[in-house]
Amino acid sequence: NMKDEKRLKPVFALVDDGNHKQALQQLDKILKKSPGVNQAIALKALCLWRLKEREREAVSMVCSLIDCAVEDETVLGLISTCLREMQQYTLLEELYTKLVNKNPKDEELLSALFMAHVRTENFMCQRQRALQLNKVFNQGHTDRPYYLWAVASVLLQAKTDSVDGAALHLPLAKKMIEKSLQQSENAGNIVKNSQLELMLLVLEQENKIQDCLDLFEKHGKFLNKEVLIIKRRRILDYLKLLNNHEKIYNLCVDFVKTPCEIDWFTIQCLIENCIVLHKNNDSILPSTQQILKKLYDENPQSIDYNFAMIELERQCLVHKIKESPKELCESLKHFYLHFGCKPCFFSYIQTSLKFVSDHPNSFLQDEASLIEPENSYTVNGLYRLQAYYEVERYCARNGWSCEKLKEKSDKLLHFYNGYLQLSKHLETTEPQFCTKLLLLSVHYLLDVFVQNRKTKEEENIHIIWQCIDLLEKAKSISNYDEQILIPLIKLYMYLGLAVPSTEIYTQLQVKQFLHESISYMLSSRMSDYGFLEESQCLNISIQKYFAESVHSLKEFIVTAFKNGAFRQIYDMFDWKCTLRNSFTLVKSALDRFSIDMYLNIEEVSEDLFKGIEDLLIDDDRFSNLEDHRDIMVMYDWDQESLSCQSHSVQNITYQLDKQWLQIKRRILQSFMLAIKAMLTKESNIKISHALQTTKLNFEAACEQCNKVVSDISCDFSQVLHHPFFVYTTGPEIFFKMKLDQLYSLLFEIFILVSHSKFSSNCIETKELDSVFQKVEEICTNLTDIVENSICEQFTRENDGVVYPQKLTRFQLLTESLFYSTLCIHIISEYAFKSDKGAMKKCVAHLLTVSECLNGKINGTLKSIHACSYETFTSESHVKEMVIESYSESFKQVSSFRLKINKLLKSLAH
Amino acid sequence: MTTLRQFTCDDLFRITRMNLDPLTETYGLPFYLQYLAHWPEYFLVAESHTGDMMGYIMGKAEGNAARETWHGHVTCVTIAPEFRRRGVAGKLMSILEEVSERKACFFVDLFVRVSNQVAVDMYERLGYIVYRRVLDYYNGETDEDAFDMRKAMSRDKEMKSVIPLDRPVTSSEVE
């Protein structure tokens, strides 16, 4: 009534402004006086949901109102919003079905019901509703898209139904769209873009590419919204699918001869198809050369036309049409002289360099002539200099002595400092022109580090700090340049310094889809350094992004339907799976649960248990993983990644990560099963079998992982030890392998124990003894590692310089102890009532390891506080972060270690 | 010279480097999806010869034809640092203008930070004029004014849309 509306008006305003807390207070007052005001109840549910408070209550409040929605439009609007935000799509469908049943002639309600079906992906109902809408409301209004909605729905059904898709739904969709086109043509109406786009989608799905081209030809003004260059691209794409080389070539020749805009795709097709046709046509190569030369002669300022000639030369070498790179060299020389002053020069010639990398100086000018006289620094001069050194870095991969590397680094640093004056007028938010020179200088220094890695560890660490200092200074001039920030994060992470890494990461403002590529730098190591809570925050924000993304995709598929953007519906539909299969998403989910286990070691809650179980049993999620990282964002200018090609780095890191993920999954899975076994009173042979399967899967994953690691060791040994390589390095892999063995044995114990428990059989003592013997060996091995390796000083005695690699190993060992302790704790809970001897031995070993580590932690903490950081860096804010990082890391690990020790002691008695 | 094509969802994973640039805003995913679902023809990418992303443009058509405010709008145009100074932005802008011509727009407009002189100069070279100054258009640590820049399309024969206003306006006055 009017009175309620007046009272609710300010509340609506509060909700619109996002003041949900205040709105909730007002609503409580209103509902206290008049508890039956449906609008107020709906608004309250919305506020509770948005505030993430009492979410279950909010959902049930909305459900209770569904029947009232029929009577009140405002309530309907509110409920509809609530159900969409709560992702209660089935309820939304039910709601609109009820409403449509009452008002079958209401166009708005019927189309809302169609969209509700879109959200639940109920294609059959989508089609029915769309046809109903078309029948009732499209008479005399041919502009309404309802019939096309029906076609698109059938097409989506065809796409998703692997059984009847091709045989049943696709022909139906084709028939429907053909009818629609025919009707438009007969009625003299303009054929719409959306109609044609749907027809193309049908034909593409049928793989009738020639028909797609015919459709293009038939409708001259086809896709009138699109510009010429995009239309041409589409025609060429279809022809490429048909492998019609001759037609592509001739078409490209026509395109380049017309005065219209030419894009690189056309040139690329011209060159590629010239190469293919060359086998049967000798004249095609010279005539293509002439075409390209003519284009360049007419546009001598164009870097692209010049590059087109180089690309043709390169393709001839790739396909062995030519043997000698002499002509390519000449072309590159010309290219450098004319376009060496462009910042993108290197990106153009990179693919050609492998043919001339033995003689880069044959096409670059003399190094000495590049050194600009003082006070005449120009942007063009800078880029020419940069181009020179970029090529040099690419070509001169091996064989330089440390002295030469240092000399090169110094020289580049000198140039960088000189060219900084070009950027004096720039704001600190803008990138400097000459940052690349600094990066190259840093990379040469790190090459020295890698060369000395095995022999001069102590002095070497100063090189890392030197690099950090250089980058920190550059950062103070240009605060947000990702070229500086990313290497800095990597170096800090290498040193185990999570505080500065996190701070810089914040500066990068990583959010949304950027997580896919960038969060990898931190998430892969953060928890290893003991920064469990920070790691958890990162995991939570990654998961939030994914959840919101999938939700919003549904809403924009609805929008695309409304706009007739059918190709985009297809794209978004596929992308939903792409997002769901993201490696980053699954990894962050698993990491999150593992850390939850760490943090709740004493008591695993039911919710956590259920969450882990749900994730782990979903085989599809682990088998259909997709890698969406743009790895080159992280490995730019790294000498090793240049040499072994970006896609190899991408592939190898992904393969390794995937295997670790599987191992982690199996470990968690076995814990879950063991806990389940503890909690289940009745015998459950299924659990025992599940454990057996887990063990087999675990071993398979370990084997795979070993294989990847050994492949890496052969091909990527340099990469592995590079401080810029955001990955587990050699010694860490060794530790992890040892741990795998331990886990594997512990699983064996689980299996034996559960068998005996559930089948009432006695355990074969011999069998058990032999397993325990192996466990003992591994534990002794771990103790040895502590004594021989980690018990070395973490810090150097004379000046307190910290050895980061050793810290990392130590942190990993902590992780191992956590898992093994947990395993033994679980076993002791329900087995070995009679003979605890073997287990006691294990516990005793672990306790030794644990106490040794405790002593180490305390000693290291003291030395970290006591040592002088002057030796590290001249940047005072960095010094503070170093202390904070190491202290925090050790503090978190210490508190965790105390828990473990307590457990171990209780077990030992 | 570039390869131009329409933006697809997967491209979101490939624009990381460009979006790490502090002057390029990374919006929430719904923002990009909204443009893909509404104005796919205005959402384009430029690729280099190696398939690397050189830049992208995002735009839309809005306004009212009867009031002669129907226009193309440039929401965002960004180019990767190494591909700057090569006319890629100009190319993307010209495609957006061509789409706007086909949609019979009266003009194309865009907003730019008044401090971003490099961008203002570029737009002027492309034929845009400062139509008006919008006070405190950009919010952040310190608010900043924007220039609303415009270029008339062929439908606006009398070039009425590009007669500069003689006073600045506030954000709330901008449609």
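Listed cross-link partners A:Lys257/A:Lys326; A:Lys424/A:Lys473; A:Lys52/A:Lys562; A:Lys135/A:Lys175; A:Lys174/B:Lys60 are compared with a 21 Å cut-off, the Cα-Cα value being larger for A:Lys257/A:Lys326; A:Lys52/A:Lys562; A:Lys174/B:Lys60. Stokes-Einstein diffusion for the range A:236-304, with the hydrodynamic radius set to the Kirkwood value over Cα pairs and evaluated at 25 °C in a medium of 0.890 mPa s, equals 198 µm²/s. Here the simple spin-label model places points 7 Å from the Cα toward Cβ, and for A:Val253 and A:Leu31 these points are separated by 7.7 nm. Computed from the C-beta positions of A:His425 and A:His689 and an R0 of 56 Å, the FRET efficiency is 0.20 to the nearest 0.05. The H on the amide N of A:Glu626, modeled in the peptide plane, is under 5 Å from the matching H of A:Ser582, A:Phe583, each at least 5 residues off or on a different chain. For A:Gly340, no residue has an amide H sitting under 5 Å from its own, ignoring neighbours fewer than 5 places away on the same chain, with H placed 1.01 Å from N. Direction-averaged projected area, Cα convex hull, the range A:3-136: 8.3 nm², rounded to one decimal.
Mind checking the mean number of beta-carbon atoms from other chains within 10 Å of the Cβ atoms in A:507-516? Intermediate values should be presented prior to the final figure.
Details: counts 1, 2, 5, 4, 5, 9, 12, 8, 1, 3.
Going residue by residue through A:507-516 and averaging, the value is 5.
In this structure the amide hydrogen of B:Phe107, modeled in the peptide plane, comes within under 5 Å of the amide hydrogens of B:Gly72, B:Met153, none closer than 5 places in sequence on its chain. A simple spin-label model places pseudo-atoms 7 Å from Cα toward Cβ; at A:Cys537 and A:Glu178 they are separated by 6.2 nm.
If you build the convex hull over the alpha carbons only and average its shadow over all orientations, what do you get for the range A:119-171? Give it in nm² to one decimal.
3.8
When the helices of chain B are scored as -39500 (n - 2.57) per DSSP H run of n ≥ 4 and the total is divided over every residue, the value at 222 nm lands at -6500 deg cm²/dmol. With R₀ set to 45 Å, the beta-carbon distance separating A:Gln507 from B:Ala104 gives a calculated FRET efficiency near 0.50.
Here the gap between B:Arg113 and B:Arg133, fully extended at 0.36 nm per residue and compared with their Cα-Cα distance, gives a gain of 6.2 nm. Computed from backbone phi with θ = phi - 60° and the Karplus coefficients 6.51, -1.76 and 1.60, the 3J(HN,Hα) list for the range B:109-121 is 10, 7, 10, 9, 4, 5, 7, 7, 4, 4, 5, 4, 4 Hz; x is used for glycine and proline.
Loop-resident GluC sites (Glu not before Pro) (DSSP state other than H, G, I, E or B) in the range A:290-324 with no more than 16 further Cβ atoms inside 10 Å of their Cβ: A:Glu323. Note on chain B: the alpha carbon radius of gyration divided by the globular reference 2.2 N^0.38 Å gives 1.02. Listed values for the range A:537-549 are Karplus-derived 3J(HN,Hα) couplings in whole Hz (6.51 cos²θ - 1.76 cosθ + 1.60, θ = phi - 60°), namely 4, 4, 4, 5, 5, 5, 5, 4, 4, 5, 4, 5, 5, and x replaces Gly and Pro.
Remark: mean inter-chain Cβ contacts per residue of B:52-62 equal 1, using a 10 Å Cβ-Cβ cutoff to other protein chain atoms. Annotation for B:Asp143 and A:Trp400: the two label points, set 7 Å from Cα along the Cα-Cβ direction, are 5.2 nm apart.
Qualifying trypsin sites (Lys or Arg not before Pro) in the range B:96-175, where qualification requires a DSSP coil assignment and no more than 14 other C-beta atoms within 10 Å, comprise B:Lys157. Applying 1/(1 + (r/R0)^6) with r as the Cβ-Cβ distance of A:Asn452 and A:Lys544 and R0 = 41 angstrom yields a FRET efficiency of 0.40. Across the range A:93-103, rounded Karplus estimates of 3J(HN,Hα) from the backbone phi angles (6.51 cos²θ - 1.76 cosθ + 1.60, θ = phi - 60°) give 4, 4, 4, 6, 4, 4, 5, 5, 4, 6, 10 Hz, Gly and Pro being marked x.
Residue separation of A:Lys240 and A:Asp211 scaled by 0.36 nm, minus their Cα-Cα distance, works out to 9.0 nm of gained length.
Counting 0.36 nm for each residue step from A:Asn101 to A:Lys354 and taking away their Cα separation leaves a gain of 84.1 nm.
Computed from the coordinates by the stated procedures, all read-outs in this text should not be read as laboratory data. Quick caveat: nothing in here was measured; it's all calculated off a predicted structure. Every residue, glycine among them, receives a Cβ derived from its backbone with ideal geometry; neighbour counts consider all protein chains shown.
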